[in-house]
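Accompanying notes for the structure given below.
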Amino acid sequence: MTTELVEELGRPVNHKRIGRIMRTHDLASRKRRRFRVVTTDSKHAHPVAPNVLGRDFAATAPNQKWLADLTYVPTDEGWLYLALVLDLFGRKIVGWAMSDTMPQELTAAALWVALGWRDPQPGLMHHSDRGSQYAARHYRKVLEARGITVSMSRKGNCWDNAPMESANGTLKVECVHGEHFRTRAEAQQAIVEYIGYYNTLRRHSSLGNVSPAEFERRWHASAISLGQRVSP
């Protein structure tokens, strides 16, 4: 909030003053809920990849490390399941798909969106939990065909995919909690709009308080100025 006001006003604003003003007007950030629906089915016969990522969440360029996960949104028609793919470098959501069930096609659809948008070169790492949707043969074949290294979290260890879990939590708090979706279509529209906001406008403290799109834009500009070849 302080960073946003400083840029809007064009002059310094003390964060303590902002805090006092927010308390005076009863303004506060939304809190995360503890309720959780299990979306990981690790009881399957598919092969499980090792945890190659090893909680190394550092990336020096786009398309080095992607994280993937499933989450859910309640509606009056029932659950809407959402598959996401996140580029770890700029915390940008690069792939998504939604469905009223959790078939293997859902995660594959999100992956294809990400591949079509980013067109990564071989050498990318893809990290997810060990659920059946990610361990399935078809999903793994797509990754292997593109020269993508497969990495999976250890059983029951959400910290192995912490940045993805954080992005899921942020989406739920800022887009879902406190909202009432009568239909899955309403929820889908809200989520698509939020992803656009998340990628292009929402500031991230881990990125120096700029949006994922701005963070990547600055990186591209810097790389080009240094004479480096970068993908579009």
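Computed values, structure above
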{"quantity": "Qualifying residues in the range 181-204 (those that are outside any helix (DSSP H, G or I) and touching a residue at least 40 places away in the same chain (Cβ under 8 Å)) - the one nearest to the chain's Cα centre (by Cα)", "calculated": "H204"}
{"quantity": "Candidate set: the range 183-198, residues that are touching a strand residue (DSSP E or B) at 6+ places or on another chain (Cβ under 8 Å) and of a type in the set (S, T, Y); chosen: the one surrounded by the most Cβ atoms within 10 Å (Cβ to Cβ)", "calculated": "Y198"}
{"quantity": "Qualifying residues in the range 87-129 (those that are over 16 Å from the mean Cα position of the chain (by Cα) and not in a loop (DSSP other than H, G, I, E, B)) - the one farthest from N157 (Cα to Cα)", "calculated": "G116"}
{"quantity": "Top-ranked residue in the range 73-100 [being charged (D, E, K, R) and closer than 27 Å to D56 by Cβ; ranked as surrounded by the most Cβ atoms within 10 Å (Cβ to Cβ)]", "calculated": "D87"}
{"quantity": "Contacts under 9 angstrom Cβ, first residue in the range 51-65 being modelled with pLDDT under 95, partner in a loop (DSSP other than H, G, I, E, B), 6 or more apart", "calculated": "none"}
{"quantity": "Filter result (in a helix (DSSP H, G or I) and closer than 14 Å to W66 by Cα) within the range 145-160", "calculated": "D160"}
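Conditions tested, residue by residue: (1) closer than 18 Å to I191 by Cβ; (2) among the acidic types (D, E); (3) in contact (Cβ under 8 Å) with a residue 40 or more places away in the chain.
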| site | (1), (2), (3) |
| --- | --- |
| W79 | yes, no, yes |
| L88 | no, no, yes |
| S99 | yes, no, no |
| A109 | yes, no, no |
| P122 | no, no, no |
| H127 | no, no, yes |
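So that you can scan it fast, the table gives a plain yes or no per residue for (1) in contact with a strand residue (DSSP E or B) (Cβ under 8 Å, 6 or more places away or on another chain); (2) loosely packed, with under 12 Cβ neighbours inside 10 Å:
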position	(1), (2)
R137	no, yes
R140	yes, no
C158	no, no
S166	no, no
E174	no, no
F181	yes, no
T200	no, no
E216	yes, no
H220	no, no
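The values are calculated or read from the model by the stated rules, or taken from the named source; none is laboratory data. None of these values were measured; they are calculated from a predicted model. Quick reminder, even Gly has a Cβ in these numbers, built from the backbone with ideal geometry, and neighbours come from all protein chains shown.
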